[in-house]
Amino acid sequence: MSVTPDTTPNVTIEQLLDEYERALDHTASLWHDLTADQVHWRPDKESSAIGWHLGHQAAVAHFMIRNLTAAEPSIDGELDALMDSATPEPERGMLPALDRLGSYRSAVADRVRFRIGNIASGDVGAPIQLDVIARTLLVAIVNHEYQHAQWIREVRERDLGRPLPPRPTSPLLTELDGYCVLTG
């Protein structure tokens, strides 16, 4: 059965990429003014540090991009393993220095932009099918970014006593259970 999809969706890939940038900027506003000790601090041995959440956000985005759109090598296999939620919290080891963590996040964001850009331009083997995948993928990546940003917000305010930046705003964002959510 062949179906011609509606090629005029309500939300464009470009709008979703803007939302991705907004989510990345929000996360950056939550940690760029913190010290290395604050980013590496763990509330207890069964909790993850802000730095782990920052790496985890990036790792999941890259896992999704490389597994759902185009196979590509790992950016940093050591960080991929460390930041994978399948690794039990007590076994997550030492977090990287802030510059390595920031570089990892930047490299992943560049890969997301590149792969989604290829899809948006139709420079892929199945452009209509991958357009659907890209939209769904971006919604998931943005929501995952905000999911962990919420935890960072809570630790930043409650445990570190640091003021919070404003929540991001966009016509495409809503709040559910205290979390910013892109409903797609």
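Calculate the dipole size of the chain relative to its Cα centre from +1 charges on Lys and Arg beta carbons and -1 charges on Asp and Glu beta carbons; express the result in debye to the nearest 20.
On the way: 16 positive and 27 negative charges, 15 e Å.
Roughly 80 debye for the chain.
Going from the alpha-carbon gyration tensor of the range 14-84, what semi-axes, largest first and in whole Å, does one get by taking the root of 5 times each eigenvalue?
24, 18, 9
What is the chain's relative contact order, in percent, from Cα pairs under 8 angstrom and six or more apart in sequence?
Reported relative contact order: 30 percent.
Would you kindly give the portion of the calculated P(r) for the range 47-122 that falls above 19 Å, as a percent of all Cα pairs?
Taking all Cα-Cα pairs of the range 47-122, the fraction more than 19 Å apart is 34 percent.
Per residue, how large is the accessible surface of the range 38-184? Use a 1.4 angstrom probe and give square angstrom.
Ligands and nucleic acids excluded, the figure is 48 Å² per residue.
Of the heavy-atom accessible surface of the chain (probe 1.4 angstrom), what whole percent is carbon and sulfur?
Carbon with sulfur: 53 percent of the solvent-accessible area.
Based on alpha-carbon positions alone, could you give the equivalent ellipsoid semi-axes of the range 53-184 from the gyration tensor, as √(5λ), descending, whole Å?
Its equivalent ellipsoid spans semi-axes of 27, 21, 12 Å.
Once fully extended, how much extra length lies between SER121 and HIS32, figured as 0.36 nm per residue of separation less the alpha-carbon to alpha-carbon distance?
Difference between extended and current length: 28.7 nm.
Can you tell me the relative contact order of the range 50-150? Whole percent, Cα pairs under 8 Å, sequence separation 6 or more. Numbers along the way, then the final one.
Numbers: 68 pairs, mean separation 41.0, N = 101.
So the answer I get is 41 percent.
The values are calculated or read from the model by the stated rules, or taken from the named source; none is laboratory data. A quick note: this is a predicted structure, and the numbers were derived from the prediction, not measured. For neighbour counting, all protein chains shown are included, and Cβ atoms are generated from backbone atoms with ideal geometry for every residue, glycine included. Side chains are part of the model used for accessible areas, which takes the heavy atoms of the whole protein and leaves out ligands, DNA and RNA. Shrake-Rupley method; radii C 1.70, N 1.55, O 1.52, S 1.80 Å.
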